[in-house]
Number of protein chains: 2
Amino acid sequence: MTDRCSVTYHVRSGSAAIEARAAAIAVEQSVEMPLAGIDDAAVLSDIVGKVEQIDDLGGGTFRVRIGLAAATIGDDPGQWLNMLFGNTSLHDDVILRDAVIPERFRPAAGGTPRLRQRLGIPQRAFTGSALKPQGLQPERLAQLAERMALGQLDFIKDDHGLADQTYSPFAVRVPLIAAAVARAVRCTGHQTRYIPSLTGDLDQLRTQAGIARDCGLDCMMVVPMIAGFAATRTLTRSFPEVTFFAHPAMGGAARIAPELLIGKLFPALGCGAVIFPTYGGRFGYSPATCRELVTNARPALAVPAGGITLNRVGELLDFYGPDTMLLIGGNLLLAGERITEQAAGFANAVAQHGTK
Amino acid sequence: MTDRCSVTYHVRSGSAAIEARAAAIAVEQSVEMPLAGIDDAAVLSDIVGKVEQIDDLGGGTFRVRIGLAAATIGDDPGQWLNMLFGNTSLHDDVILRDAVIPERFRPAAGGTPRLRQRLGIPQRAFTGSALKPQGLQPERLAQLAERMALGQLDFIKDDHGLADQTYSPFAVRVPLIAAAVARAVRCTGHQTRYIPSLTGDLDQLRTQAGIARDCGLDCMMVVPMIAGFAATRTLTRSFPEVTFFAHPAMGGAARIAPELLIGKLFPALGCGAVIFPTYGGRFGYSPATCRELVTNARPALAVPAGGITLNRVGELLDFYGPDTMLLIGGNLLLAGERITEQAAGFANAVAQHGTK
């Protein structure tokens, strides 16, 4: 018996053509050559992808489930992505919709339970905001972070545009911001966490994570689709005490279902929290997509974001429940000089939710 | 004067909405927050993306050119991709169509001229095939490679599905295949090159490249969209004597124009040869797309692939010209026991082309 991992694609096709199209995907995502050219019986039986099921979803779309041989994936997360969608991503009639996560890529413990314990927040939802805009000097970002933290937010993250730019090098920016947030924490007694964004190749990611850890930080952010799947997992395994927040940039929602990419694959790389564009914001995910994504991602912390306004706190917490960090970035920054009061109002609204 | 890099998007929109949509993309790909919340004049003038031009392409599609501040990109290829398309890739109304390549990412010398010199092939097109199917033992792959090389092909590459699997570990497979090809070269006198596929995180990529170099190999393959942009460039810079072939897997053609991704971005990472699905094969690129992609990629070697049959050699060389490697994989493998003769026929067809 071959150990197989089921992968689900949505394929646009006519009824007459779907069986052949499904078989072609199964070949493309495995041996990538005409079966007539294979004379090895074990390859034909154990390695070639198998079409397991085809369902007509109506409207010219079919759900195709293919069993890929686990042996072709091995233990490399990059090769896993390659087998899931590598060449087929070049065909515009196919969406990668779902996949069974192989045992070896099952998310490690961590995520929400660990964050609840560390921050001493047993039940309610978490609050968060983002340091923006890029282009500010490190001192200005640190000042902003301190004022947000004085409002007793739970998390303050780097905008994913903050990298290692000349005007704000990581090694200067992160210690300054970490110190600013630490000052606020000493003042408020509230365990606000700063989440720096890590960028670059694996060497740079590790160096930056080391700098952040030396600042006492235990939450960091990474962009798996840019860093690469293999680098992301190596990073998360190298710093097991850190909770990694996965940012969805380059997620290309139209071709890989966010329920899979963000809800399953990012946690499988070791990320303990997943940031995603919520329904009703400036990105187009539906409530159903958001619900499935969040369910998939547990126990990773769900971090809906992308244009959330303060007046939506109640509605979003009703929808997502408490194992959530509400991330309000740009809309909080509109408060200007009143940022601490706005942050406090936000923190308070979340704390009060459900107690009414 | 701010140094800006122009980026071109194709946006589906109504006429009335396009100006606001373009402005929103310019904000999303730079400061990612409401402009009203920014009180720093330098950020507003130098960092916020600028809509430079909007053209109506008809059919509800607009071409939007945005100038991004070069300072936000810096020298990190991952951050470059992030600024080009990070968050906007999550919107399904936008395709990343083109970008001016910043000076610091201009492709290094190498590519076709270096390959011509090394292989001693001054003018004609190159031939290549691929080692498949995955699942074969290293000995079988080496045997196949030797028989192909006896047919005097110029290049024999790993299938991009060959990684570091248990049944065929890189460190076993690559030296065996390299030795097999070297035996054939001693027999034929023809400078056949073996191109192993490198996988994993940066540590693994470097280790594998070192193993390959120790086998005397000077051509290797990498998948930039899986390895990550930053890792790919670090790799190409670490092994400047190697010509790296970029494989397009995970290229998501429907969202990032292949003319840009494969034609410009992959060479900018240091790859000296780009593999792409040709028109008329099993992927859907048009002749116009292929022509522009190849023009963009020069002096990188153009490697059309994806279902090429032997009877198309003349047509494809007429179309692509001689700075090309024709990559015939699966269709050559259909020859079974006659693989050497088929490879020789292929090599001969390319050598004869244009001399008739």
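The values are calculated or read from the model by the stated rules, or taken from the named source; none is laboratory data. Small disclaimer: the values here were computed from a predicted structure and weren't measured. Please note: Cβ atoms are built from the backbone with ideal geometry, for glycine as well, and neighbour counts cover all protein chains shown.
Specify which of the listed residues (A:Gly330, A:Gly321, A:Gly345, A:Gly306) is surrounded by fewer than 17 Cβ atoms within 10 Å (Cβ to Cβ) and closer than 23 Å to B:Gly37 by Cβ. Before you say what the answer is, go through the steps one by one.
Working: A:Gly330 fails: surrounded by fewer than 17 Cβ atoms within 10 Å (Cβ to Cβ); A:Gly321 fails: closer than 23 Å to B:Gly37 by Cβ; A:Gly306 fails: surrounded by fewer than 17 Cβ atoms within 10 Å (Cβ to Cβ).
That would be A:Gly345, the only listed residue that is surrounded by fewer than 17 Cβ atoms within 10 Å (Cβ to Cβ) and closer than 23 Å to B:Gly37 by Cβ.
A:Phe170 - would you say it is out of contact with any Gly (no Cβ under 6 Å at 6 or more places or on another chain), closer than 18 Å to A:Leu119 by Cβ, surrounded by 23 or more Cβ atoms within 10 Å (Cβ to Cβ) and hydrophobic (A, V, I, L, M, F, W, C)? Even if it seems obvious, please write down each step before you answer.
Working: out of contact with any Gly (no Cβ under 6 Å at 6 or more places or on another chain): yes; closer than 18 Å to A:Leu119 by Cβ: no; surrounded by 23 or more Cβ atoms within 10 Å (Cβ to Cβ): yes; hydrophobic (A, V, I, L, M, F, W, C): yes.
So A:Phe170 fails the test.
Looking only at the stretch A:71-124, count how many residues are more than 19 Å from the chain's Cα centre (by Cα) and hydrophobic (A, V, I, L, M, F, W, C).
Final tally of qualifying residues: 7.
Quick check on B:Thr232: is it in contact with a Pro (Cβ under 8 Å, 6 or more places away or on another chain) and touching a residue at least 40 places away in the same chain (Cβ under 8 Å)? Outline the logic, then answer.
Working: in contact with a Pro (Cβ under 8 Å, 6 or more places away or on another chain): yes; touching a residue at least 40 places away in the same chain (Cβ under 8 Å): yes.
So B:Thr232 fits the description; yes.
Taking A:Ile211 as meeting all but one of (1) of a type in the set (A, V, I, L, M, F, W, C); (2) over 22 Å from the mean Cα position of the chain (by Cα); (3) more than 23 Å from A:Ala230 (Cα to Cα), write down the number of the exception.
(3)
Output the residues belonging to the stretch B:158-184 that are more than 17 Å from B:Gly210 (Cα to Cα) and outside any loop (DSSP other than H, G, I, E, B).
Answer for the stretch B:158-184, where residues must be more than 17 Å from B:Gly210 (Cα to Cα) and outside any loop (DSSP other than H, G, I, E, B): B:Ala180, B:Val181, B:Ala182, B:Arg183, B:Ala184.
Run B:Arg106 past the list (1) in contact with a helix residue (DSSP H, G or I) (Cβ under 9 Å, 6 or more places away or on another chain); (2) within 30 Å of B:Asn331 (Cβ to Cβ); (3) among the basic types (Lys, Arg) and report the number of the one that doesn't hold.
(2)
Return the only residue of B:Leu150, B:Leu144 being within 14 Å of another protein chain (Cβ to nearest Cβ), within 25 Å of B:Ala184 (Cα to Cα) and either of a type in the set (Val, Ile, Thr) or out of contact with any Lys or Arg (no Cβ under 8 Å at 6 or more places or on another chain) (or both). I'd like the intermediate steps shown before the answer.
Values: B:Leu150 fails: within 14 Å of another protein chain (Cβ to nearest Cβ).
Among B:Leu150, B:Leu144, only B:Leu144 is within 14 Å of another protein chain (Cβ to nearest Cβ), within 25 Å of B:Ala184 (Cα to Cα) and either of a type in the set (Val, Ile, Thr) or out of contact with any Lys or Arg (no Cβ under 8 Å at 6 or more places or on another chain) (or both).
Check off (1) at pLDDT below 95; (2) under 30 Å from B:Val222 (Cβ atoms); (3) in contact with a helix residue (DSSP H, G or I) (Cβ under 9 Å, 6 or more places away or on another chain) for A:Met221 and give me the number that stays unchecked.
(3)
Mind checking whether some residue in the stretch B:197-213 is within 8 Å of chain A (Cβ to nearest Cβ) and surrounded by fewer than 24 Cβ atoms within 10 Å (Cβ to Cβ)?
The initial filter retains those residues of the stretch B:197-213 that are within 8 Å of chain A (Cβ to nearest Cβ), namely B:199-204.
Narrowing the set further to residues that are surrounded by fewer than 24 Cβ atoms within 10 Å (Cβ to Cβ) leaves B:203-204.
Yes, there is a match, as at least one residue in the stretch B:197-213 is within 8 Å of chain A (Cβ to nearest Cβ) and surrounded by fewer than 24 Cβ atoms within 10 Å (Cβ to Cβ).
Please determine, by comparing only the residues of the stretch B:173-187 that are surrounded by fewer than 20 Cβ atoms within 10 Å (Cβ to Cβ) and among the charged types (D, E, K, R), which one is farthest from B:Glu146 (Cα to Cα).
Across the stretch B:173-187, the extreme among qualifying residues is B:Arg186.
Of the residues A:Lys132, A:Lys157, which is within 14 Å of chain B (Cβ to nearest Cβ), of a type in the set (D, E, K, R) and within 25 Å of A:Asp323 (Cβ to Cβ)? So that I can check it myself, show each step before the final result.
Values: A:Lys132 fails: within 25 Å of A:Asp323 (Cβ to Cβ).
Among A:Lys132, A:Lys157, only A:Lys157 is within 14 Å of chain B (Cβ to nearest Cβ), of a type in the set (D, E, K, R) and within 25 Å of A:Asp323 (Cβ to Cβ).
Being under 23 Å from the mean Cα position of the chain (by Cα) and among the β-branched types (Val, Ile, Thr) is the requirement here; does A:Thr355 meet it?
Answer is no for this residue.
Please specify each residue of the stretch B:214-239 satisfying the condition of being of a type in the set (A, V, I, L, M, F, W, C) and more than 9 Å from chain A (Cβ to nearest Cβ).
Residues of the stretch B:214-239 of a type in the set (A, V, I, L, M, F, W, C): B:215, B:217, B:219-223, B:225-227, B:229-231, B:235, B:239.
Those that are of a type in the set (A, V, I, L, M, F, W, C) and more than 9 Å from chain A (Cβ to nearest Cβ): B:Cys215, B:Leu217, B:Cys219, B:Met220, B:Met221, B:Val222, B:Phe239.
For every residue, the table says whether it meets (1) in contact (Cβ under 8 Å) with a residue 40 or more places away in the chain; (2) of a type in the set (Phe, Trp, Tyr).
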| site | (1), (2) |
| --- | --- |
| B:Val48 | no, no |
| B:Leu57 | yes, no |
| B:Arg65 | yes, no |
| B:Ala71 | yes, no |
| B:Gly74 | no, no |
| B:Trp80 | yes, yes |
| B:Asn87 | yes, no |
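So which residues in the stretch B:322-343 are more than 14 Å from chain A (Cβ to nearest Cβ) and under 24 Å from A:Asp40 (Cβ atoms), if there are any at all? Before you say what the answer is, go through the steps one by one.
Here is the first cut: in the stretch B:322-343, the ones more than 14 Å from chain A (Cβ to nearest Cβ) are B:322-326, B:340-341.
Across the stretch B:322-343, the qualifying residues are B:Thr340, B:Glu341.
Select from the stretch B:259-284 the residues that are buried (at least 24 other Cβ atoms within 10 Å of the Cβ), in contact with a strand residue (DSSP E or B) (Cβ under 7 Å, 6 or more places away or on another chain) and within 13 Å of another protein chain (Cβ to nearest Cβ) and write down the one among them that is nearest to B:Ser89 (Cα to Cα).
Per the criteria, the residue is B:Ile262.
Checking A:Arg116 against (1) at negative phi; (2) touching a residue at least 24 places away in the same chain (Cβ under 8 Å); (3) surrounded by fewer than 23 Cβ atoms within 10 Å (Cβ to Cβ): exactly one of these is not met. Which one?
Going through (1) at negative phi; (2) touching a residue at least 24 places away in the same chain (Cβ under 8 Å); (3) surrounded by fewer than 23 Cβ atoms within 10 Å (Cβ to Cβ) one by one, A:Arg116 breaks only (2).
In the stretch B:100-118, which residue that is of a type outside the set (D, E, K, R), part of a helix (DSSP H, G or I) and under 15 Å from B:Pro299 (Cβ atoms) is farthest from the other protein chains (Cβ to nearest Cβ)?
Taking the stretch B:100-118 first, the residues of a type outside the set (D, E, K, R) are B:100-102, B:105, B:107-113, B:115, B:117.
Among the residues that remain, those that are also part of a helix (DSSP H, G or I) are: B:105, B:112-113, B:115, B:117.
From what is left, the residues that are under 15 Å from B:Pro299 (Cβ atoms) are B:112-113, B:115, B:117.
Details: B:Thr112: 24, B:Pro113: 28, B:Leu115: 24, B:Gln117: 30 Å.
Among them, the one singled out is B:Gln117.
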